[in-house]
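Reviewing the structure listed below.
Rule-based calculations on the coordinates, nothing more; no lab input. These numbers were taken from a predicted model, which means no experiment stands behind them. Neighbour counts are summed over all protein chains in view; Cβ atoms, including those assigned to glycine, are modelled from backbone coordinates with ideal geometry.
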Amino acid sequence: GVTVVFVTHDQEEALAMADRVAVMHEGRIQQIAAPDELFFRPGGEFVAGFVGVTNELPVTAGVPQPALWRVPAAGDATDLLYVRPDALDCEPSTDPVGRVTAHLFLGATTRVTVTTLDGAHRLKIDVPTHRVVTIPVGEQVAVRLTQPAIYRVLGQDPGPLPAVAVSPAPAAERVRVA
């Protein structure tokens, strides 16, 4: 094999071409890892928010905002959950948590933006393009997690982000503002 140092600002190019990728921030290396490790097991808050697209949801005492899921509580600490757009789904609902506010056509998928009913949060959700006709802009929707793990940062912990198991919150526990 031949060693090559290739500098790029194109994440897709770096993830596709490299055996190992170094993520730098303010002149310091944040993590060196295989592309899939960077994406699925980011080494800290910066890498989690930088590599790929994420939804950052604040969590206080185990309650995410918006309160869509139950998360193992970490005392009264404020955490951040990083949820990838492809780990979420939405569908029309009579018990909605938000409203579709935008579509971004990406080819085989469309990134749907859902704004919570209280207007406090915007979630990016990737859905197959053929399904977009069932969730037009303006539609009230329920949001669900389709993958069993999301990433958690406790405070400013620079260490690897463990995946945490979550479960849907019952409708009675969800926080919504009509």
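What's the local net charge at PHE6, with K and R +1, D and E -1, over the other residues with C-beta under 14 Å away?
With Lys, Arg at +1 and Asp, Glu at -1, the net is -3.
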Query raised in the report: Karplus couplings for segment 102-113 from phi (6.51 cos²θ - 1.76 cosθ + 1.60, θ = phi - 60°), rounded to Hz, Gly and Pro as x?
Result: 6, 10, 10, 5, 10, x, 5, 10, 10, 7, 9, 9
